[in-house]
Amino acid sequence: MGFLGELKERLIFDFIEKQRYLYILKGLRVTAIVTLLALVLGLVIGVVVAVIRTAHDQTGEKGRQGAGGFVLSVLNFFCRVYLTVIRGTPAMVQLLLMFFVFLASSTNKVLVAVLTFGINSGAYVAEIFRSGIMSIDKGQMEAGRSLGLGYGKTMQKIILPQAVKNVLPALVNEMITLLKETSICGYIGLNDLTRGGDIIRGNTFDALPPLLAVAAIYLVIVMFFTWLMGRLERRLRESDNR
Amino acid sequence: MITVKNLCKSFGEHEVLIDINEHIAPGEKVVIIGPSGSGKSTFLRCMNLLEQPTKGQVIFDGTDITEKGVNINEIRQQMGMVFQHFNLFPHLTIMENLTLAPIELKLMGREQANEEALRLLNLVNLSEKADTYPGQLSGGQKQRIAIVRSLMLKPKMMLFDEPTSALDPEMVGEVLGVMKDLARDGMTMAVVTHEMGFAREVATRVLFMDEGRIREQGTPEQIFGNPQNERTQEFLSKVL
(Lines give C-alpha, C1' and ligand atoms only; values in the text may rest on other atoms or scores of the structure.)
Protein backbone atom coordinates (compact mmCIF):
# COMPACT_ATOMS: atom_id res chain seq x y z
CA MET A 1 0.00 0.00 0.00
CA GLY A 2 1.46 3.37 -1.03
CA PHE A 3 1.59 6.60 0.88
CA LEU A 4 -1.66 7.89 -0.60
CA GLY A 5 -3.44 4.71 0.27
CA GLU A 6 -2.23 4.93 3.85
CA LEU A 7 -3.34 8.52 4.08
CA LYS A 8 -6.76 7.61 2.76
CA GLU A 9 -7.21 4.88 5.33
CA ARG A 10 -6.06 7.20 8.06
CA LEU A 11 -8.53 9.87 7.04
CA ILE A 12 -11.38 7.39 6.78
CA PHE A 13 -10.50 6.09 10.22
CA ASP A 14 -10.28 9.59 11.72
CA PHE A 15 -13.29 11.20 10.12
CA ILE A 16 -15.65 8.75 8.45
CA GLU A 17 -15.65 5.78 10.80
CA LYS A 18 -18.32 6.10 13.49
CA GLN A 19 -19.24 9.36 11.77
CA ARG A 20 -16.49 11.15 13.68
CA TYR A 21 -16.73 14.15 11.31
CA LEU A 22 -19.92 15.00 13.17
CA TYR A 23 -17.78 16.15 16.13
CA ILE A 24 -16.28 18.77 13.85
CA LEU A 25 -19.57 19.80 12.23
CA LYS A 26 -21.46 20.05 15.50
CA GLY A 27 -18.49 21.84 17.04
CA LEU A 28 -18.47 24.30 14.16
CA ARG A 29 -22.13 24.98 14.77
CA VAL A 30 -21.50 25.70 18.46
CA THR A 31 -18.52 27.94 17.63
CA ALA A 32 -20.61 29.84 15.09
CA ILE A 33 -23.53 30.32 17.50
CA VAL A 34 -21.32 31.42 20.38
CA THR A 35 -19.32 33.79 18.19
CA LEU A 36 -22.34 35.39 16.54
CA LEU A 37 -24.37 35.89 19.70
CA ALA A 38 -21.33 37.11 21.63
CA LEU A 39 -20.57 39.50 18.80
CA VAL A 40 -24.06 41.00 18.94
CA LEU A 41 -23.92 41.27 22.73
CA GLY A 42 -20.44 42.79 22.53
CA LEU A 43 -21.56 45.39 19.98
CA VAL A 44 -24.51 46.44 22.12
CA ILE A 45 -22.41 46.69 25.27
CA GLY A 46 -19.61 48.39 23.35
CA VAL A 47 -21.78 51.15 21.87
CA VAL A 48 -23.49 51.87 25.19
CA VAL A 49 -20.22 52.00 27.15
CA ALA A 50 -18.48 54.08 24.48
CA VAL A 51 -21.32 56.63 24.39
CA ILE A 52 -21.39 56.90 28.19
CA ARG A 53 -17.63 57.35 28.34
CA THR A 54 -17.50 60.02 25.64
CA ALA A 55 -20.61 61.80 26.92
CA HIS A 56 -18.93 62.00 30.31
CA ASP A 57 -15.61 63.18 28.92
CA GLN A 58 -17.19 65.74 26.62
CA THR A 59 -19.33 67.45 29.24
CA GLY A 60 -17.05 69.58 31.34
CA GLU A 61 -17.00 69.67 35.13
CA LYS A 62 -19.68 72.33 35.05
CA GLY A 63 -22.01 70.36 32.83
CA ARG A 64 -21.87 67.48 35.29
CA GLN A 65 -23.58 69.36 38.09
CA GLY A 66 -27.13 68.33 38.98
CA ALA A 67 -28.87 64.97 39.02
CA GLY A 68 -28.15 64.11 35.36
CA GLY A 69 -24.50 64.84 35.81
CA PHE A 70 -24.33 62.70 38.91
CA VAL A 71 -25.93 59.73 37.14
CA LEU A 72 -23.49 60.16 34.27
CA SER A 73 -20.54 60.21 36.68
CA VAL A 74 -21.75 57.02 38.37
CA LEU A 75 -22.31 55.29 35.03
CA ASN A 76 -18.90 56.40 33.85
CA PHE A 77 -17.33 55.00 37.00
CA PHE A 78 -18.92 51.57 36.43
CA CYS A 79 -17.87 51.62 32.80
CA ARG A 80 -14.29 52.29 33.78
CA VAL A 81 -14.30 49.49 36.35
CA TYR A 82 -15.77 47.18 33.72
CA LEU A 83 -13.13 48.08 31.15
CA THR A 84 -10.29 47.73 33.64
CA VAL A 85 -11.39 44.36 35.01
CA ILE A 86 -12.30 42.78 31.68
CA ARG A 87 -9.23 43.97 29.83
CA GLY A 88 -6.99 43.23 32.77
CA THR A 89 -7.84 39.54 33.21
CA PRO A 90 -7.57 36.60 30.81
CA ALA A 91 -10.72 35.57 28.97
CA MET A 92 -10.01 32.03 30.11
CA VAL A 93 -10.21 33.01 33.77
CA GLN A 94 -13.39 34.96 33.09
CA LEU A 95 -14.92 31.91 31.45
CA LEU A 96 -14.05 29.65 34.37
CA LEU A 97 -15.30 32.19 36.92
CA MET A 98 -18.53 32.58 35.01
CA PHE A 99 -19.08 28.82 34.75
CA PHE A 100 -18.02 27.72 38.21
CA VAL A 101 -18.98 30.79 40.25
CA PHE A 102 -21.30 33.42 38.85
CA LEU A 103 -23.48 31.18 36.72
CA ALA A 104 -22.78 27.93 38.56
CA SER A 105 -26.51 27.24 38.72
CA SER A 106 -26.88 27.36 34.94
CA THR A 107 -26.65 24.15 32.95
CA ASN A 108 -26.71 25.97 29.65
CA LYS A 109 -23.06 26.08 28.64
CA VAL A 110 -23.75 27.93 25.41
CA LEU A 111 -25.39 30.69 27.42
CA VAL A 112 -22.40 30.87 29.77
CA ALA A 113 -20.02 31.09 26.82
CA VAL A 114 -22.10 33.72 25.00
CA LEU A 115 -22.32 35.89 28.10
CA THR A 116 -18.63 35.54 28.89
CA PHE A 117 -17.41 36.30 25.40
CA GLY A 118 -20.01 38.99 24.83
CA ILE A 119 -19.04 40.80 28.00
CA ASN A 120 -15.39 40.30 27.19
CA SER A 121 -15.65 41.51 23.62
CA GLY A 122 -17.82 44.46 24.69
CA ALA A 123 -14.87 45.99 26.53
CA TYR A 124 -12.70 45.96 23.45
CA VAL A 125 -15.51 47.07 21.16
CA ALA A 126 -16.22 49.96 23.56
CA GLU A 127 -12.71 51.29 23.22
CA ILE A 128 -12.83 50.83 19.44
CA PHE A 129 -16.08 52.80 19.24
CA ARG A 130 -14.77 55.43 21.61
CA SER A 131 -11.76 56.06 19.42
CA GLY A 132 -14.14 56.19 16.45
CA ILE A 133 -16.36 58.77 18.10
CA MET A 134 -13.34 60.84 19.14
CA SER A 135 -12.07 60.77 15.55
CA ILE A 136 -15.11 62.73 14.34
CA ASP A 137 -14.53 66.47 14.12
CA LYS A 138 -16.19 68.26 17.03
CA GLY A 139 -17.78 70.62 14.53
CA GLN A 140 -20.15 67.77 13.62
CA MET A 141 -21.56 67.63 17.13
CA GLU A 142 -21.75 71.42 17.24
CA ALA A 143 -23.56 71.57 13.92
CA GLY A 144 -26.09 68.98 15.10
CA ARG A 145 -26.65 70.75 18.41
CA SER A 146 -26.89 74.18 16.75
CA LEU A 147 -29.80 72.82 14.70
CA GLY A 148 -31.65 72.03 17.90
CA LEU A 149 -30.99 68.28 17.90
CA GLY A 150 -30.32 66.80 21.34
CA TYR A 151 -27.06 65.10 22.31
CA GLY A 152 -28.50 61.62 21.83
CA LYS A 153 -30.09 62.35 18.46
CA THR A 154 -26.92 64.00 17.19
CA MET A 155 -24.92 61.02 18.38
CA GLN A 156 -27.29 58.57 16.72
CA LYS A 157 -27.86 60.33 13.40
CA ILE A 158 -24.60 62.17 12.83
CA ILE A 159 -21.68 60.97 14.93
CA LEU A 160 -22.15 57.19 15.19
CA PRO A 161 -22.79 56.54 11.46
CA GLN A 162 -19.50 58.26 10.65
CA ALA A 163 -17.68 56.66 13.58
CA VAL A 164 -18.78 53.15 12.60
CA LYS A 165 -17.44 53.68 9.12
CA ASN A 166 -14.06 54.76 10.52
CA VAL A 167 -13.71 51.81 12.89
CA LEU A 168 -15.07 49.07 10.66
CA PRO A 169 -11.65 47.48 10.02
CA ALA A 170 -10.91 47.45 13.75
CA LEU A 171 -14.33 45.92 14.42
CA VAL A 172 -13.78 43.12 11.94
CA ASN A 173 -10.42 42.54 13.57
CA GLU A 174 -12.11 42.23 16.96
CA MET A 175 -14.59 39.81 15.45
CA ILE A 176 -11.74 37.62 14.19
CA THR A 177 -10.11 37.68 17.61
CA LEU A 178 -13.42 36.76 19.20
CA LEU A 179 -13.92 33.80 16.86
CA LYS A 180 -10.54 32.38 17.76
CA GLU A 181 -10.93 33.15 21.44
CA THR A 182 -14.03 30.95 21.65
CA SER A 183 -11.69 27.97 21.19
CA ILE A 184 -11.28 27.91 24.99
CA CYS A 185 -14.93 26.84 25.34
CA GLY A 186 -13.74 23.27 25.82
CA TYR A 187 -12.57 24.13 29.31
CA ILE A 188 -16.16 24.32 30.51
CA GLY A 189 -17.03 21.18 28.61
CA LEU A 190 -18.70 22.88 25.70
CA ASN A 191 -18.09 20.93 22.53
CA ASP A 192 -17.02 23.65 20.13
CA LEU A 193 -14.94 23.26 16.99
CA THR A 194 -11.59 22.97 18.76
CA ARG A 195 -12.96 20.54 21.27
CA GLY A 196 -14.55 18.50 18.46
CA GLY A 197 -11.16 18.00 16.83
CA ASP A 198 -9.62 17.19 20.17
CA ILE A 199 -12.25 14.54 20.91
CA ILE A 200 -11.40 12.82 17.63
CA ARG A 201 -7.71 12.95 18.60
CA GLY A 202 -8.56 11.32 21.93
CA ASN A 203 -10.61 8.58 20.34
CA THR A 204 -8.24 7.72 17.51
CA PHE A 205 -4.87 8.57 19.09
CA ASP A 206 -4.18 10.31 15.80
CA ALA A 207 -3.53 14.01 16.36
CA LEU A 208 -2.50 15.50 13.07
CA PRO A 209 -5.53 15.15 10.77
CA PRO A 210 -8.28 16.31 13.16
CA LEU A 211 -6.30 19.23 14.58
CA LEU A 212 -5.15 20.30 11.12
CA ALA A 213 -8.75 20.15 9.95
CA VAL A 214 -9.81 22.38 12.84
CA ALA A 215 -7.03 24.87 12.11
CA ALA A 216 -7.99 24.93 8.45
CA ILE A 217 -11.61 25.66 9.24
CA TYR A 218 -10.70 28.62 11.47
CA LEU A 219 -8.34 29.86 8.79
CA VAL A 220 -10.97 29.68 6.06
CA ILE A 221 -13.50 31.57 8.17
CA VAL A 222 -10.97 34.27 9.04
CA MET A 223 -9.88 34.56 5.43
CA PHE A 224 -13.50 34.96 4.40
CA PHE A 225 -14.00 37.82 6.85
CA THR A 226 -10.77 39.47 5.78
CA TRP A 227 -11.91 39.30 2.18
CA LEU A 228 -15.31 40.68 3.15
CA MET A 229 -13.65 43.53 5.04
CA GLY A 230 -11.50 44.36 2.04
CA ARG A 231 -14.56 44.63 -0.18
CA LEU A 232 -16.45 46.67 2.38
CA GLU A 233 -13.55 49.08 2.84
CA ARG A 234 -13.23 49.57 -0.89
CA ARG A 235 -16.93 50.33 -1.11
CA LEU A 236 -16.76 52.81 1.74
CA ARG A 237 -13.74 54.52 0.25
CA GLU A 238 -15.65 54.96 -2.99
CA SER A 239 -18.42 56.70 -1.11
CA ASP A 240 -15.90 59.14 0.35
CA ASN A 241 -15.54 61.04 -2.89
CA ARG A 242 -18.87 60.37 -4.39
CA MET B 1 -34.10 89.84 20.25
CA ILE B 2 -31.09 88.91 22.31
CA THR B 3 -29.58 90.56 25.37
CA VAL B 4 -26.29 89.65 26.96
CA LYS B 5 -25.67 90.76 30.53
CA ASN B 6 -22.35 90.69 32.40
CA LEU B 7 -21.16 87.83 30.24
CA CYS B 8 -17.82 86.35 31.30
CA LYS B 9 -16.08 83.32 29.90
CA SER B 10 -12.80 81.82 30.99
CA PHE B 11 -11.00 78.74 29.83
CA GLY B 12 -9.16 77.76 32.99
CA GLU B 13 -7.12 80.79 34.03
CA HIS B 14 -7.49 82.45 30.66
CA GLU B 15 -10.24 85.08 30.56
CA VAL B 16 -11.64 85.21 27.05
CA LEU B 17 -14.67 87.42 27.65
CA ILE B 18 -14.80 90.07 30.35
CA ASP B 19 -18.14 91.51 31.39
CA ILE B 20 -19.86 91.85 28.02
CA ASN B 21 -23.16 93.73 27.91
CA GLU B 22 -24.93 93.96 24.61
CA HIS B 23 -28.39 94.08 23.11
CA ILE B 24 -29.31 93.12 19.59
CA ALA B 25 -32.73 94.33 18.46
CA PRO B 26 -34.91 92.50 15.91
CA GLY B 27 -33.80 93.30 12.36
CA GLU B 28 -30.35 94.50 13.35
CA LYS B 29 -27.30 93.27 11.49
CA VAL B 30 -24.45 93.41 13.94
CA VAL B 31 -20.97 92.77 12.62
CA ILE B 32 -18.27 91.91 15.12
CA ILE B 33 -14.69 92.67 14.15
CA GLY B 34 -11.40 92.53 15.99
CA PRO B 35 -8.00 90.87 16.04
CA SER B 36 -7.74 87.12 16.39
CA GLY B 37 -7.97 85.93 19.97
CA SER B 38 -10.08 88.91 20.94
CA GLY B 39 -13.06 86.74 21.90
CA LYS B 40 -15.34 87.44 18.92
CA SER B 41 -16.11 83.82 18.16
CA THR B 42 -16.48 82.89 21.82
CA PHE B 43 -18.94 85.77 22.25
CA LEU B 44 -20.97 84.53 19.31
CA ARG B 45 -20.87 80.92 20.54
CA CYS B 46 -22.05 81.99 23.97
CA MET B 47 -25.22 83.38 22.38
CA ASN B 48 -26.53 79.88 21.60
CA LEU B 49 -24.64 78.25 24.46
CA LEU B 50 -22.32 76.21 22.28
CA GLU B 51 -19.96 77.78 24.78
CA GLN B 52 -21.27 77.73 28.36
CA PRO B 53 -20.72 81.19 29.88
CA THR B 54 -18.72 81.23 33.10
CA LYS B 55 -20.88 84.08 34.41
CA GLY B 56 -23.70 86.28 33.21
CA GLN B 57 -26.99 85.95 31.40
CA VAL B 58 -28.07 85.47 27.81
CA ILE B 59 -31.68 86.48 27.29
CA PHE B 60 -33.22 85.39 24.02
CA ASP B 61 -36.73 86.51 23.20
CA GLY B 62 -37.47 87.13 26.88
CA THR B 63 -36.05 83.82 28.15
CA ASP B 64 -32.86 83.66 30.17
CA ILE B 65 -31.34 80.68 28.40
CA THR B 66 -28.52 80.27 30.92
CA GLU B 67 -31.04 79.23 33.55
CA LYS B 68 -31.42 75.60 34.49
CA GLY B 69 -34.41 73.82 33.04
CA VAL B 70 -34.50 75.86 29.85
CA ASN B 71 -34.88 73.63 26.80
CA ILE B 72 -31.81 74.78 24.93
CA ASN B 73 -32.66 72.61 21.94
CA GLU B 74 -35.86 74.56 21.37
CA ILE B 75 -34.00 77.85 21.68
CA ARG B 76 -31.32 76.76 19.21
CA GLN B 77 -33.94 75.96 16.58
CA GLN B 78 -34.71 79.66 16.53
CA MET B 79 -31.06 80.67 16.23
CA GLY B 80 -29.39 79.44 13.08
CA MET B 81 -25.63 79.11 13.16
CA VAL B 82 -23.13 79.05 10.33
CA PHE B 83 -19.59 77.86 11.01
CA GLN B 84 -16.24 78.72 9.53
CA HIS B 85 -15.71 75.13 8.42
CA PHE B 86 -19.29 74.58 7.22
CA ASN B 87 -19.72 71.37 9.24
CA LEU B 88 -21.98 69.73 6.72
CA PHE B 89 -22.69 66.08 7.45
CA PRO B 90 -20.42 64.21 5.01
CA HIS B 91 -22.31 60.91 5.21
CA LEU B 92 -25.61 62.46 4.11
CA THR B 93 -26.71 63.90 0.79
CA ILE B 94 -27.36 67.62 0.53
CA MET B 95 -31.08 66.93 0.69
CA GLU B 96 -30.62 64.82 3.83
CA ASN B 97 -28.38 67.48 5.36
CA LEU B 98 -31.19 69.97 4.97
CA THR B 99 -34.11 67.81 6.03
CA LEU B 100 -32.55 65.86 8.92
CA ALA B 101 -33.24 68.39 11.67
CA PRO B 102 -36.76 69.49 10.66
CA ILE B 103 -37.85 65.86 10.27
CA GLU B 104 -36.20 64.62 13.47
CA LEU B 105 -37.62 67.56 15.41
CA LYS B 106 -41.03 66.79 13.90
CA LEU B 107 -41.38 70.32 12.57
CA MET B 108 -42.17 69.02 9.08
CA GLY B 109 -43.14 65.80 7.38
CA ARG B 110 -40.67 64.31 4.92
CA GLU B 111 -42.53 65.60 1.89
CA GLN B 112 -42.92 69.07 3.26
CA ALA B 113 -39.26 69.15 4.28
CA ASN B 114 -38.16 68.05 0.80
CA GLU B 115 -40.30 70.76 -0.78
CA GLU B 116 -38.94 73.43 1.51
CA ALA B 117 -35.37 72.24 0.91
CA LEU B 118 -35.83 72.45 -2.86
CA ARG B 119 -37.33 75.91 -2.56
CA LEU B 120 -34.35 77.15 -0.53
CA LEU B 121 -31.83 75.37 -2.77
CA ASN B 122 -33.38 77.18 -5.71
CA LEU B 123 -32.82 80.49 -3.98
CA VAL B 124 -29.10 79.80 -3.75
CA ASN B 125 -29.00 78.19 -7.23
CA LEU B 126 -27.95 74.78 -5.94
CA SER B 127 -31.08 72.74 -6.57
CA GLU B 128 -29.23 70.42 -8.96
CA LYS B 129 -26.94 69.40 -6.07
CA ALA B 130 -29.76 67.96 -3.94
CA ASP B 131 -28.68 64.35 -4.36
CA THR B 132 -24.92 64.79 -4.18
CA TYR B 133 -22.71 64.56 -1.13
CA PRO B 134 -20.88 67.46 0.53
CA GLY B 135 -17.53 66.02 -0.55
CA GLN B 136 -18.31 66.89 -4.16
CA LEU B 137 -19.02 70.56 -3.54
CA SER B 138 -16.72 73.57 -3.55
CA GLY B 139 -16.23 75.54 -0.36
CA GLY B 140 -18.53 78.30 -1.47
CA GLN B 141 -21.25 75.81 -2.35
CA LYS B 142 -20.84 74.06 0.99
CA GLN B 143 -21.22 77.27 2.90
CA ARG B 144 -24.32 78.27 0.96
CA ILE B 145 -25.76 74.84 1.77
CA ALA B 146 -24.85 75.33 5.43
CA ILE B 147 -26.73 78.63 5.47
CA VAL B 148 -29.74 77.00 3.85
CA ARG B 149 -29.57 74.16 6.38
CA SER B 150 -30.03 76.66 9.20
CA LEU B 151 -32.82 78.42 7.34
CA MET B 152 -34.80 75.19 7.13
CA LEU B 153 -35.80 75.72 10.76
CA LYS B 154 -37.07 79.26 10.03
CA PRO B 155 -34.89 80.86 12.70
CA LYS B 156 -35.58 84.30 14.15
CA MET B 157 -31.91 85.08 14.16
CA MET B 158 -28.73 83.93 12.45
CA LEU B 159 -25.23 83.69 13.89
CA PHE B 160 -22.29 83.64 11.48
CA ASP B 161 -18.89 82.60 12.80
CA GLU B 162 -16.33 83.73 10.22
CA PRO B 163 -18.38 82.24 7.38
CA THR B 164 -15.91 83.17 4.62
CA SER B 165 -12.57 82.67 6.38
CA ALA B 166 -12.05 79.12 5.11
CA LEU B 167 -12.98 79.94 1.52
CA ASP B 168 -10.83 80.50 -1.52
CA PRO B 169 -11.01 84.20 -2.40
CA GLU B 170 -13.06 83.69 -5.55
CA MET B 171 -15.81 81.99 -3.55
CA VAL B 172 -16.23 84.64 -0.89
CA GLY B 173 -18.55 86.70 -3.04
CA GLU B 174 -21.18 84.01 -3.56
CA VAL B 175 -21.49 83.40 0.19
CA LEU B 176 -21.61 87.08 1.07
CA GLY B 177 -24.23 87.44 -1.66
CA VAL B 178 -26.52 84.97 0.10
CA MET B 179 -25.94 86.75 3.39
CA LYS B 180 -26.79 90.09 1.84
CA ASP B 181 -30.03 88.64 0.48
CA LEU B 182 -30.84 87.42 3.97
CA ALA B 183 -30.09 90.83 5.43
CA ARG B 184 -32.31 92.48 2.87
CA ASP B 185 -35.17 90.16 3.82
CA GLY B 186 -34.95 91.52 7.37
CA MET B 187 -33.17 88.66 9.17
CA THR B 188 -31.60 89.56 12.51
CA MET B 189 -27.93 88.75 12.16
CA ALA B 190 -24.78 88.63 14.24
CA VAL B 191 -21.71 88.17 12.07
CA VAL B 192 -18.10 87.64 13.08
CA THR B 193 -16.03 88.40 10.02
CA HIS B 194 -12.89 89.88 8.55
CA GLU B 195 -14.78 91.09 5.50
CA MET B 196 -14.74 94.84 6.13
CA GLY B 197 -16.51 95.53 2.85
CA PHE B 198 -19.43 93.39 3.98
CA ALA B 199 -19.46 95.13 7.37
CA ARG B 200 -19.56 98.52 5.70
CA GLU B 201 -22.32 97.58 3.31
CA VAL B 202 -24.63 95.45 5.43
CA ALA B 203 -24.05 96.22 9.10
CA THR B 204 -26.45 98.40 11.01
CA ARG B 205 -23.89 98.37 13.81
CA VAL B 206 -20.25 97.35 14.09
CA LEU B 207 -18.68 96.10 17.32
CA PHE B 208 -14.94 96.20 17.74
CA MET B 209 -13.65 93.63 20.21
CA ASP B 210 -10.22 93.38 21.75
CA GLU B 211 -8.88 91.35 24.66
CA GLY B 212 -12.28 90.06 25.68
CA ARG B 213 -14.07 93.39 25.72
CA ILE B 214 -16.16 95.42 23.31
CA ARG B 215 -13.89 98.44 22.94
CA GLU B 216 -15.98 100.47 20.59
CA GLN B 217 -19.18 100.30 18.64
CA GLY B 218 -21.18 102.38 16.22
CA THR B 219 -22.46 102.62 12.71
CA PRO B 220 -20.10 101.48 9.98
CA GLU B 221 -19.54 105.13 9.07
CA GLN B 222 -18.44 105.92 12.62
CA ILE B 223 -16.22 102.89 13.09
CA PHE B 224 -14.57 102.90 9.70
CA GLY B 225 -14.66 106.64 9.07
CA ASN B 226 -13.83 108.05 12.45
CA PRO B 227 -12.78 105.44 15.02
CA GLN B 228 -12.26 106.87 18.51
CA ASN B 229 -10.52 104.02 20.31
CA GLU B 230 -6.77 103.74 19.83
CA ARG B 231 -6.93 99.95 19.43
CA THR B 232 -9.68 100.28 16.83
CA GLN B 233 -7.57 102.73 14.86
CA GLU B 234 -4.58 100.45 15.05
CA PHE B 235 -6.59 97.39 13.99
CA LEU B 236 -8.28 99.13 11.09
CA SER B 237 -5.00 100.59 9.86
CA LYS B 238 -3.73 97.01 9.56
CA VAL B 239 -6.72 95.45 7.83
CA LEU B 240 -7.95 98.22 5.55
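So the values come out like this:
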item: Pairwise burial B:A, computed as accessible area of each alone minus the pair, summed, 1.4 Å, Å²; result: 2000 Å²
item: Accessible area of chain B belonging to carbon and sulfur atoms, whole % at 1.4 Å probe; result: 45 percent
item: Residue mean of other protein chain beta carbons inside 10 Å, B:85-94; result: 5
item: Residue-averaged beta-carbon neighbours from other chains (10 angstrom radius) around B:66-74; result: 2
item: B:Gly56 long-range amide H proximity, modeled H, under 5 Å; result: B:Cys8
item: Largest-first principal axis extents, alpha carbons of segment A:94-138, Å; result: 48, 15, 10
item: Top positive-direction residue, dipole computed over chain A with Cβ charges, set A:Asn191, A:Ile12, A:Thr107; result: A:Thr107
item: Among A:223-235, B:195-207, the order from most to least packed when residues are scored by Cβ within 10 Å on average; result: B:195-207, A:223-235
item: Chain B, accessible area per residue, ligands and nucleic acids excluded (1.4 Å, Å²); result: 43 Å²
item: Charge sum, other residues only, whose C-beta stays under 14 Å from A:Val34's C-beta, Lys/Arg counted +1 and Asp/Glu -1; result: +3
item: Two-decimal Rg to Rh for segment B:149-240 - Kirkwood Rh, Cα set; result: 0.98
item: Equivalent-ellipsoid semi-axes of segment A:65-154, from the Cα gyration tensor, Å, largest first; result: 35, 15, 12
item: Candidates A:Phe129, A:Phe70, A:Phe117, ranked by Gaussian network fluctuation over chain A, Cα under 10 Å, top entry; result: A:Phe70
item: Span from the segment B:30-108 Cα centroid across to the segment A:142-205 one, whole angstrom; result: 37 Å
item: Accessible-area composition of segment A:1-87, carbon plus sulfur, in percent [1.4 Å probe]; result: 71 percent
item: Listed residues B:Glu211, B:Glu13, B:Glu128, most fluctuating in chain B (Gaussian network, C-alpha, under 10 Å); result: B:Glu13
item: Segment A:3-241: Rg to Rh, with Rh as the Kirkwood radius over Cα pairs; result: 1.10
item: Residue-averaged 222 nm ellipticity for chain A, from DSSP H runs of 4+ at -39500 (n - 2.57), nearest 500; result: -25500 deg cm²/dmol
item: Positive-end extreme of charge dipole, the protein assembly as shown - chosen from B:Leu120, A:Leu28, B:Val58 (charges on Cβ); result: A:Leu28
item: Helical mean residue ellipticity (222 nm; -39500 (n - 2.57) per DSSP H run of 4+; nearest 500) of chain B; result: -10500 deg cm²/dmol
item: Among A:91-101, B:1-11, the order from most to least packed when residues are scored by Cβ within 10 Å on average; result: B:1-11, A:91-101
item: Residue among B:Glu111, B:Glu51, B:Glu162 with the largest mean-square fluctuation in a Gaussian network model of chain B, springs linking Cα atoms under 10 Å; result: B:Glu111
item: Per-residue mean of C-beta atoms belonging to partner chains within 10 Å, peptide A:147-159; result: 6
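The values are calculated or read from the model by the stated rules, or taken from the named source; none is laboratory data. The shown structure was predicted, so the numbers you read here are calculated from the model rather than taken from an experiment. We place every Cβ from the backbone using ideal geometry, glycine too, and count neighbours over all the protein chains shown. Only protein heavy atoms, including side chains, enter the accessible area calculation; ligands, DNA and RNA are left aside. Shrake-Rupley method; radii C 1.70, N 1.55, O 1.52, S 1.80 Å.
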